[in-house]
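Single-structure report; data block below.
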Amino acid sequence: MNPERLSSNDIINNMSLKNKFVRDQLVQPIFIHEDEKSESSIPGLGKNRILFKSNVIESISRDLKNGCRNFILFFVPKNKSNTRFNAEFQENILLKIKKEFDSEVVIWVDLCLCSFTKSGHCCLFEDQKINYTESLKIMSDIGLSYVRGGADGIAPSSMLNGIVNSARMKLDSHNFKHIPIMSYSTKFASNFYGPFRAAADSSPSFGDRTSYQLDYTDKENAIKSSIKFSDEGADLLMVKPGLLSLDLIEPIALKTKKPIGAYQVSGEYSSLVYLADNKLIDFDSGLLETWSSFKRAGAQYIISYGSRYAKRLGI
Ligand code: PBG
C-alpha cells in the first residue's frame, strides 16, 4: 500500500478524510457515448444526460462552476464485441478533458466490460464459464489505456477475483505506481441497477450477474469480498448499492482500515426522482438526508447522480 496515492492530489485526499463531510467527497457519474446520434435522456435519472465528445467539456465546465470537480466516467462504445476491444475513443476523450481541465478535476474511470461486450456481461465467457485469464488481461490493458489518456484513477467494477491485483500490476509495471485504484469491493447482484443499464447499454443478454456479483442475503461473504479486494491492493473500497449496504460500512472499515465509499446506485437515486416528480417529497431535502445516512454509517466518499447539486444543498 502506497499512502501517497491518496494524498498527492487535493481532491483525492479530501475524499478520504474521516469525520468530515466536504464537497470533494461527492463523486458525479458521467456517461459518455461514442455514437453522437444516440439518445441522450436517461429514464429515471432526472436531469442526468448521456454526453458525447461534442458536449462533455461544456458539461464539466458547468459542474465546475458549481464546485463539483470529482467525476467517475462510464464509456459506452458504438460497436460491441466478444473478442476485440480497444480503448481509442475513450483515450481521446480523456485526453481532451485533461487538456482542458488538467488538475482542476479528478477523473475516475469505471473499468468493466459490460458496456463493451455483445453479451452485456462484465467479463468474457467460454463454454458458459467465466474466462478469467482473458477477462483480467483485457480489462487491465484497458485500464492502462485510461491512465495513459489521463485518468486520475481507475475503478474496477467487474467483481472478478483478481481484477484489482491484475490492474495494479499492469499500472505498476508501466510507471503508474502513483495511480490509485477505487475498487467496487462489495457489490451485490442487485435489482437496483436498472436505469444505469439502460444508460450504459449493458443489460446481460443471457442469465444474470450472480456468478460474479454478491448474494445480498450473505453478510459474511459481503464483508469478506471487500477484505479480499483490499488485500489485492485497492486504495479505496466501496459498498454498492449504498443505501442497502449501510450495515456493512463499519465492519469493512474496521477490518481493512481503508477509506470506504457508498455508491448511491441508479435505482436508489431514481426513487427520489420519482417521489419528487410526483410531489411526494422535496428532492433536495430527501437527497441530503440519504447522503447524511452514508456519512453517519461511516462512509468517507459517496458516488451519487446528484453530486453536482452539493453546493445547492449546502455541502
Ligand atoms: C458496471 C457497473 C454497474 C453499475 C456501476 N458499474 C452495473 C452493473 O453492475 O450491472 C451500476 C450503477 C448504478 O446502477 O447506478 N459493471
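The values are calculated or read from the model by the stated rules, or taken from the named source; none is laboratory data. Keep in mind the model is a prediction, meaning the values are calculated, not measured. In this analysis, Cβ positions are derived from the backbone assuming ideal geometry, glycine residues included, and neighbour counts consider all displayed protein chains.
Taking (1) at negative phi; (2) in contact with a Phe, Trp or Tyr (Cβ under 9 Å, 6 or more places away or on another chain) in turn, residue 46 satisfies each apart from (1). Take residue 226 and tell me if it is small (Gly, Ala, Ser), farther than 21 Å from residue 117 by Cβ, part of a helix (DSSP H, G or I) and more than 15 Å from the ligand (Cβ to nearest atom). Here the answer is yes, as residue 226 does meet what is asked.
Out of the residues in the range 278-304 that are touching a Gly at 6+ places or on another chain (Cβ under 7 Å) and within 21 Å of residue 60 (Cα to Cα), which is surrounded by the fewest Cβ atoms within 10 Å (Cβ to Cβ)?
It comes out as 302.
Any residue at all in the range 259-277 that is at pLDDT 95 or above, surrounded by 18 or more Cβ atoms within 10 Å (Cβ to Cβ) and more than 16 Å from the ligand (Cβ to nearest atom)?
Taking the range 259-277 as the starting set, the residues that turn out to be at pLDDT 95 or above are 259-277.
Pick out the ones that are also surrounded by 18 or more Cβ atoms within 10 Å (Cβ to Cβ) and you get 259-270, 272-273.
This time we only want the ones that are more than 16 Å from the ligand (Cβ to nearest atom), so: 259-260.
There is at least one residue in the range 259-277 that is at pLDDT 95 or above, surrounded by 18 or more Cβ atoms within 10 Å (Cβ to Cβ) and more than 16 Å from the ligand (Cβ to nearest atom).
Restricting attention to the range 164-200, the residues that are within 11 Å of the ligand (Cβ to nearest atom), surrounded by 16 or more Cβ atoms within 10 Å (Cβ to Cβ) and in a loop (DSSP other than H, G, I, E, B) total 4. Has the range 151-163 got at least one residue that is away from the ligand (no atom under 15 Å from the Cβ), more than 19 Å from residue 28 (Cα to Cα) and among the charged types (D, E, K, R)? No, every residue in the range 151-163 fails to be away from the ligand (no atom under 15 Å from the Cβ), more than 19 Å from residue 28 (Cα to Cα) and among the charged types (D, E, K, R). The residues in the range 219-237 that are crowded, with 22+ Cβ neighbours inside 10 Å and either without any contact (Cβ under 8 Å) to a residue 40 or more places away in the chain or in contact with a Phe, Trp or Tyr (Cβ under 6 Å, 6 or more places away or on another chain) (or both) can be counted, and the count is 1. Return the residues of the range 217-236 that are among the polar types (S, T, N, Q) and closer than 12 Å to residue 255 by Cα; say none if nothing qualifies. Result: 225, 226, 230. Scanning the range 116-146 for residues that are surrounded by 22 or more Cβ atoms within 10 Å (Cβ to Cβ), within 13 Å of the ligand (Cβ to nearest atom) and not β-branched (Val, Ile, Thr) yields 116, 121, 122, 123, 135, 139. Tally time: how many residues in the range 203-218 are loosely packed, with under 14 Cβ neighbours inside 10 Å and either at pLDDT 95 or above or at positive phi (or both)? Residues flagged as loosely packed, with under 14 Cβ neighbours inside 10 Å and either at pLDDT 95 or above or at positive phi (or both) within the range 203-218 amount to 4. Being of a type outside the set (A, V, I, L, M, F, W, C) and within 19 Å of the chain's Cα centre (by Cα) is the requirement here; does residue 191 meet it? Criteria met by residue 191. Screening the candidates 253, 262 for the property of being under 21 Å from residue 196 (Cβ atoms) and aliphatic (A, V, I, L, M) yields one hit, 262. Scanning the range 45-57 turns up no residue that is touching a strand residue (DSSP E or B) at 6+ places or on another chain (Cβ under 7 Å) and among the polar types (S, T, N, Q). Taken together, 254, 280 contain a single residue that is over 15 Å from the mean Cα position of the chain (by Cα), away from the ligand (no atom under 16 Å from the Cβ) and over 21 Å from residue 15 (Cβ atoms), which is 280.
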